[in-house]
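Since the structure comes first, as structure tokens, the remarks are kept for the end.
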Amino acid sequence: MKVGVIGLGRMGGPMADHILTGGHALTILDVRPEAMKGLADKGAKIAQTPAEVAEQSEIVLTSLPGAKEVETVMIGDDGVLSGATRGMIVLDASTVGPALSRRLAARFAEQGIDYLDSPVSGAVAGAQAGTLTIMVGGERAAFDRAMPVLTCIGTHFHHMGPSGTGNGIKLVNQLIVTSYFAAFMEGVALADRLEIPVEKTLEILGTSFADRPSMRSRFDKIIRNDFSPPNRLNSSLEDITLVCELAAELNLGASIAEAAADSYRRAEAQGNGENDVNGGVKLDHLGGAKPDHL
């Protein structure tokens, strides 16, 4: 198939590479020229605008930082919609609110174009391995037609229902994941204040009910005070903020999400926004003064 990919960051870049090696003709676009070079060297065609990507494609996949970027790329000047043709499929793998996905799907449907909110889970490692979980909202027939592309980037595919449900379930996932990370980091910090060595804390947590592979993979980095990404804390803050906004829209109490968001905001304010989510362990914690009674 003729596929376009817009957004070649830590997630979109590996996804585009898998699509190209899967035998599809690829057109790419990113605001950073250096992000396109490797794929262009492998045979991908570089476009100048989102509209041009759409003109060259049967399916367009976007992987963008947030709602503002998604809206601009989709319906802004020279956006995907202005270059799209009837029967085309748009897959948005970004994490945004369900309301935006529904609104964009309605706009594209007016021109006979299927718009599928298609957020992914599996982090950078999953994108690099091509083993992402993909949650899709929109028309089932379009989901089925998009499978030749989806199978290039993932191993678990779920049609959730109408537009917005893909991002809805992604935010449910993010609520649980980000809250878990916040609680785990707070637990490590509490152990540190109790003068329990971090290595021993992680050994216990890694063999207890608190263990999860997503955190266990970070144990060595925490011990080395290595807070480099793959998963930036400020991205998790954006996700949990979306969860809180969605809960407010639905008049649903979300005290755990709000507490997690507050933890991430404080960590970001202390300069950890560009660090991995394990950077939250530094929040007021490691190396801090111990109370006199300890």
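The values are calculated or read from the model by the stated rules, or taken from the named source; none is laboratory data. Because the structure is a prediction, the values reported are computed rather than measured. Cβ sites come from the backbone with ideal geometry, for glycine too, and all protein chains shown count toward neighbours. Heavy atoms of the whole protein, side chains included, go into the accessibility calculation; ligands, DNA and RNA do not. Shrake-Rupley method; radii C 1.70, N 1.55, O 1.52, S 1.80 Å.
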Name the residue that is surrounded by the fewest Cβ atoms within 10 Å (Cβ to Cβ), counting only residues in segment 40-82 that are in a helix (DSSP H, G or I) and among the hydroxyl-bearing types (Ser, Thr, Tyr). THR72
Within segment 271-292, residues loosely packed, with under 14 Cβ neighbours inside 10 Å and either within 28 Å of GLY97 (Cα to Cα) or modelled with pLDDT of 90 or more (or both) come out as GLY271
Please specify each residue of segment 195-243 satisfying the condition of being at pLDDT 85 or above, under 21 Å from GLU274 (Cβ atoms) and open to solvent by 90 Å² or more (accessible area, probe 1.4 Å). ASP220, ARG224, GLU238
Could you tell me which numbered condition GLY87 fails, if it satisfies all but one of (1) open to solvent by 60 Å² or more (accessible area, probe 1.4 Å); (2) over 23 Å from the mean Cα position of the chain (by Cα)? (1)
Checked against (1) open to solvent by less than 20 Å² (accessible area, probe 1.4 Å); (2) modelled with pLDDT of 95 or more; (3) not aliphatic (A, V, I, L, M), THR165 satisfies every condition except (1)
Every residue from segment 106-132 that is open to solvent by 10 Å² or more (accessible area, probe 1.4 Å) and either under 21 Å from LEU237 (Cα atoms) or in a helix (DSSP H, G or I) (or both): ALA106, ARG107, ALA109, VAL120, SER121, GLY122, ALA123, VAL124, ALA125, GLN128, ALA129
Which residues, taken from segment 108-127, are in contact with an Asp or Glu (Cβ under 9 Å, 6 or more places away or on another chain) and of a type outside the set (Gly, Ala, Ser)? PHE108, ASP114, TYR115, LEU116, ASP117, PRO119
Close pairs from segment 26-39: first surrounded by fewer than 20 Cβ atoms within 10 Å (Cβ to Cβ), partner acidic (Asp, Glu) and at pLDDT 95 or above, Cβ under 8 Å, at least 6 apart: GLY38/ASP17
Quick check on ASP92: is it among the acidic types (Asp, Glu), surrounded by 24 or more Cβ atoms within 10 Å (Cβ to Cβ) and in contact with a strand residue (DSSP E or B) (Cβ under 6 Å, 6 or more places away or on another chain)? yes
Six or more apart or on different chains, Cβ under 7 Å: which pairs go from a residue in segment 7-19 that's in contact (Cβ under 8 Å) with a residue 40 or more places away in the chain to one that's open to solvent by less than 10 Å² (accessible area, probe 1.4 Å) and polar (S, T, N, Q)? Could you list them? GLY7/THR62
When (1) open to solvent by 20 Å² or more (accessible area, probe 1.4 Å); (2) touching a Pro at 6+ places or on another chain (Cβ under 8 Å) are applied to ILE6, the one that fails is (1)
